[in-house]
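Colleague: Please read through the structure below; I'll follow up with questions.
The values are calculated or read from the model by the stated rules, or taken from the named source; none is laboratory data. Not measured: the values here are computed from a predicted model. Reconstructed Cβ throughout: ideal geometry from the backbone, glycine too, with neighbour counts over all protein chains shown. For accessibility, only protein heavy atoms count, side chains too; no ligands or nucleic acids. Shrake-Rupley method; radii C 1.70, N 1.55, O 1.52, S 1.80 Å.
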Amino acid sequence: MQDKNILEVNHLSKKFGENEILKDINGTVKSGQVICVIGPSGAGKSTFLRCLNLLEKPTSGEVKFEGTDLTHVDGKQLLDLRERMGMVFQSFNLFPNMTVLRNLMLAPIRVKHMSEEDAKQTAMKLLKRVGLDGKADAYPSSLSGGQQQRVAIARALAMNPEVMLFDEPTSALDPEMVGEVLEVMQELANEGMTMVVVTHEMGFAKSVADEVWFMADGYILERSKPAEMFDNPQNDRAKDFIGKIIEAK
Amino acid sequence: MKKNVKAIIQTILLVVTLLTVGLIQTNSAAAADTSLQRVKQRGELIMATSPDYPPYEFQVNKNGKSQIVGMDIDVAKKVAKDLHVKLVIKSMNFDSLLVAIQTGKADMAIGGINPTAERRQSVDFSKIYYSGGQSFLINSKDVNKYKSVKNLRGATIGAQTGTLQYGLAKKRIPNSTVKGMDKSTDLVLALKTNKIDALGIEKPSAEAYVKNDPTLKMIPSGYHLNKNDVGAAIAFKKGSTSLVNAVNKSIDQIKKQDLTSKYLASAGKYMKVNTVNTSMWHYWSYFAKGVEYTILISLISTLFGVIIGVVLALMRFTKQKWLRGLAISYTEFIRGTPLMVQVMFVYFGIGVVINIPALLSGIIAVSLNSGAYVAEIIRGGINSVEKGQTEAAESLGLTKSDMMRYVVLPQAFKNIWPALGNEFISLIKESSIVSIIGVTDLIYQLNIVRADTYRGVIPIFVAMVLYFVMTFLLTRLLNYYEGKMKHAG
């Protein structure tokens, strides 16, 4: 089980007009692995993550999810594959026109055709897990950023995904709220969830990741265990980047 | 830029197609003469008239019920009786009468219509059933100034648009300025408020006004006219020879027995009934009916306008190029043409193919029109929903239609609610245009009351207050829901 490839990326490239954001990216994410993607802004980290569930359509290359190439399916089949990948955004993107509970219930009911009761039960369980079962009937706008992001994680989990993609989940938060979100993510990792996390939280990467990928200029320049990446990076760009971060602290 | 050019071309193509279809239909409609046969088979004689022209035709409030009466109506009743069929009256603007018979909305049109040479080119006429002669109405205070028609040289003269009086005033009164309006009631008001110096009008009508209003006087026109040009005749669609011949038999009898004198006398009696009580309270049922129809039209048109608008807006977001093109062309075309023309097109134009009643035509036209505007508002609303929302929905595996239904449209509607409210309010006001095809909305009823009471201004004021009350209440209602939506996140 541990060795099963959940995600496999081969020769992925993405251009916006003339601007090449991703250049020949390769990589594999195995079941249960937590991958943290770090690097300077403009490196293409978010674009890479968004290519994984085809929110961005790659210009060329393959993105295989459990062996199926996503770049060559569309319509119903793409939706079927997507619902098995959860995504958490920097700006939460909760649906403001629904209560917290409804945010969690919408996709299970509409996509998985779950019954109203079952969906509610699952939703309440997940809300409890992120410590927000008391906010089930609140609207997102009445929650703090940290709470909204925890709801967003619960919403993605409600679809019972096989992999969770996090796109800088704490970047839009006030500093005092970062902890509560990271805590939830850490628990998830401990439970064995496969995760790809684009983040600037080096502490989190260091303690939770199985592998850290360093990206710059559209390439993955180095991938190593967290200890090596932070204590003894090989690539010059990585050295420079990590050196600056340690200095800043 | 290229996109624009394409949209324009598509729009032009659409227009051309519509026109071509229209022309083909018009041509094929001119077949053998079955006019009489059709009326007999149907058992009904459908007559178009413009009941704002006493004593020819006007509305009275008889035992609380509104009724169209007058000399012309008696003539038509006699004709229907002789044909052994039922008379059905359709009321509309005078301008629309001839169009109505040309497009088959009615079998004949009556309304003090003078069978001039120009009109004979487009419709057939019966024999003349009445010759009233021409005259001018003036203000009593001007009696010394305008002793005869010679004094009208250089004056401003009013006449109903599309009538003989209009043409005559233009041709026969030297240096005069002729002002045309749709309704004789408006013209009388213009005269009384000195916007015009004299009003060219048929003698029986002039007499009716003078009897009911001491501030008005009448002077003879002094025109020397071909008798064929001045009398009143019934108009038919070209080629209705069999029906015309049958009607002419009745007219022969009317003339032989001088029935028009009798008809005029009874019309005079009705007019006395009418002017006994000219308080607006007495006419509340007229206004109530007008409000009822205005609300009915606005409500249904709003509903369908929103449905059409949503469909059009969604078409703009599909991958199918032709669907997008169709939606763009439709919106551009509707926004580029006046609602008035659209109303007439649905009623008269499409009416050639399928006979749509006036009320339904009005609702269809107003809905189609509103749909185009609502579509643009909704499109703006959809664009205003953050991209993150659709991405979140996509990442959860929601289908496009579920995403629209549960995530995008609810938020879009909340954002555009004020703009949508504006559209609904202007719909109430703009729906008044349906009065031109005879839908008894508030404007139409307003004109009827003005014609009945010989009072020009007060009914306008009443209608104004009623419109304001309607839009004000709607604004309150919309604000209430806006507040409610705000509460919900």
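Colleague: Just for the protein assembly as shown, what percent of DSSP beta bridges are antiparallel, to the closest 5?
Modeller: On the way: 44 of 76 bridges.
So the antiparallel bridges amount to about 60 percent of the total.
Colleague: Go through A:Glu228, A:Glu162 and list them by solvent-accessible area, largest first, probe radius 1.4 Å.
Modeller: Values: A:Glu228 105, A:Glu162 60 Å².
Sorted by accessible area, descending: A:Glu228, A:Glu162.
Colleague: Using the alpha-carbon atoms, what tilt in degrees (0 to 90, nearest 10) does helix A:100-110 show relative to the longest principal axis of chain A?
Modeller: 90 degrees
Colleague: Right, another one. For the range B:304-453, what does the relative contact order come out to in percent, with C-alpha contacts under 8 Å and a separation of six or more? Could the numbers behind the result be given before it?
Modeller: On the way: 147 pairs, mean separation 42.0, N = 150.
Value for the range B:304-453: 28 percent.
Colleague: Please report the antiparallel percentage of the DSSP beta bridges confined to chain B, to the nearest 5. Show your work: numbers first, answer last.
Modeller: Numbers: 24 of 39 bridges.
Counting DSSP beta bridges with both partners in chain B, the antiparallel share is about 60 percent.
Colleague: In nm², what is the average projected area of the convex hull enclosing the Cα atoms of the range A:1-158?
Modeller: On the way: hull surface 43.3 nm².
The Cα convex hull of the range A:1-158, projected and averaged over all directions, gives 10.8 nm².
Colleague: For B:Ala265 and B:Arg476, calculate 0.36 nm times their separation in residues minus their Cα-Cα distance, and state this gained length in nm to one decimal.
Modeller: 70.8 nm
Colleague: The range A:54-80: which residues show an accessible-area loss of 10 Å² or more, assembly versus chain alone, 1.4 Å probe?
Modeller: A:Leu55, A:Leu79
Colleague: Assuming a ≥ b ≥ c are the square roots of the Cα gyration tensor eigenvalues, decide whether the range B:134-220 counts as rounded (a/c under 1.5), prolate (otherwise, with a/b larger than b/c) or oblate. The partial results should precede the final answer.
Modeller: On the way: a/c = 1.45, a/b = 1.12, b/c = 1.29.
Verdict is rounded for the range B:134-220.
Colleague: Hey, which of these cross-link pairs are over 29 Å Cα-Cα: B:Lys179/B:Lys269; B:Lys150/B:Lys237; B:Lys203/B:Lys255; A:Lys30/A:Lys76; B:Lys211/B:Lys255; A:Lys14/A:Lys225? Write out the running numbers ahead of the final one.
Modeller: Numbers: B:Lys179/B:Lys269 32 Å; B:Lys150/B:Lys237 39 Å; B:Lys203/B:Lys255 19 Å; A:Lys30/A:Lys76 25 Å; B:Lys211/B:Lys255 26 Å; A:Lys14/A:Lys225 27 Å.
Distance filter (> 29 Å) returns B:Lys179/B:Lys269; B:Lys150/B:Lys237.
Colleague: Would you mind calculating the gained length between B:Val311 and B:Glu44 on full extension (0.36 nm times residue separation, minus the Cα-Cα distance), in nm to one decimal?
Modeller: Values: separation 267, 0.36 × 267 = 96.12 nm, distance 4.06 nm.
Length gained between B:Val311 and B:Glu44: 92.1 nm.
Colleague: Quick check: residue separation of B:Leu296 and B:Arg335 times 0.36 nm, minus the Cα distance between them. What number comes out in nm? Write out the running numbers ahead of the final one.
Modeller: Numbers: separation 39, 0.36 × 39 = 14.04 nm, distance 2.34 nm.
Working it through step by step, the gained length comes to 11.7 nm.
Colleague: Using a probe radius of 1.4 Å on heavy atoms only, what accessible surface per residue do you get for the range A:94-159? Whole Å² is fine.
Modeller: Working: 2690 Å² over 66 residues.
For the range A:94-159, the per-residue accessible area is 41 Å².
Colleague: Estimate for me the total accessible surface buried between chains B and A (protein heavy atoms, probe 1.4 Å, no ligands or nucleic acids), in Å² to the nearest 100. Walk me through the intermediate numbers first.
Modeller: Details: alone 24120 and 11810 Å², together 34020 Å².
Rounded to the nearest hundred, the buried surface is 1900 Å².
Colleague: Share of the protein assembly as shown's accessible area from carbon and sulfur, percent, 1.4 Å?
Modeller: Working: 19250 of 34020 Å².
Using a 1.4 Å probe with all protein chains present, the protein assembly as shown comes out at 57 percent carbon and sulfur.
Colleague: Go ahead and run the numbers for FRET between A:Glu62 and A:Lys112, Cβ-Cβ distance against an R0 of 22 Å, rounding to 0.05. Please report the intermediate quantities before stating the final value.
Modeller: Values: r = 27 Å, r/R0 = 1.24.
That gives a FRET efficiency of 0.20.
Colleague: Now, a different point. How far is it, in nm, from the label point at B:Leu323 to the one at B:Thr177 when both lie 7 Å from their Cα along the line to the Cβ?
Modeller: Between B:Leu323 and B:Thr177, the label points sit 5.7 nm apart.
Colleague: Please compute the volume of the convex hull spanned by the alpha-carbon atoms of the protein assembly as shown and report it per residue in Å³.
Modeller: Numbers: hull volume 167.0 nm³, N = 738.
Enclosed volume per residue, from the Cα hull, is 226 Å³.
Colleague: Rounded to the nearest 0.05, what FRET efficiency is calculated for B:Leu303 and B:Lys147 with R0 set to 51 Å and r the Cβ-Cβ distance? Write out the running numbers ahead of the final one.
Modeller: Numbers: r = 60 Å, r/R0 = 1.17.
E(calc), rounded to 0.05, equals 0.30.
Colleague: Taking Cα atoms, how many degrees apart are the long axis of helix B:442-453 and the longest axis of chain B, rounded to 10 and kept between 0 and 90?
Modeller: 20 degrees
Colleague: B:Gln121 versus B:Lys249, label points 7 Å from Cα toward the beta carbon: distance in nm?
Modeller: 3.4 nm
Colleague: Dipole of the range B:134-220, Cα-centred, from +1 at each Lys and Arg C-beta and -1 at each Asp and Glu C-beta, to the nearest 20 debye?
Modeller: On the way: 15 positive and 7 negative charges, 71 e Å.
With only Lys, Arg, Asp and Glu charged at Cβ, the dipole is about 340 debye.
Colleague: On C-alpha positions alone, give me the angle between the axis of helix A:175-190 and the longest principal axis of chain A, in degrees, nearest 10.
Modeller: 90 degrees
Colleague: A follow-up question, please. Based on a Kirkwood Rh over C-alpha pairs, give the Stokes-Einstein translational diffusion coefficient of chain B at 4 °C and viscosity 1.567 mPa s in µm²/s.
Modeller: This corresponds to a translational diffusion coefficient of 51 µm²/s.
Colleague: Could I ask something else about it? What is the average number of partner chain Cβ atoms found within 10 Å of a Cβ in B:398-408?
Modeller: Numbers: counts 7, 5, 2, 1, 6, 2, 0, 1, 8, 6, 2.
Mean inter-chain Cβ contacts per residue within 10 Å come to 4.
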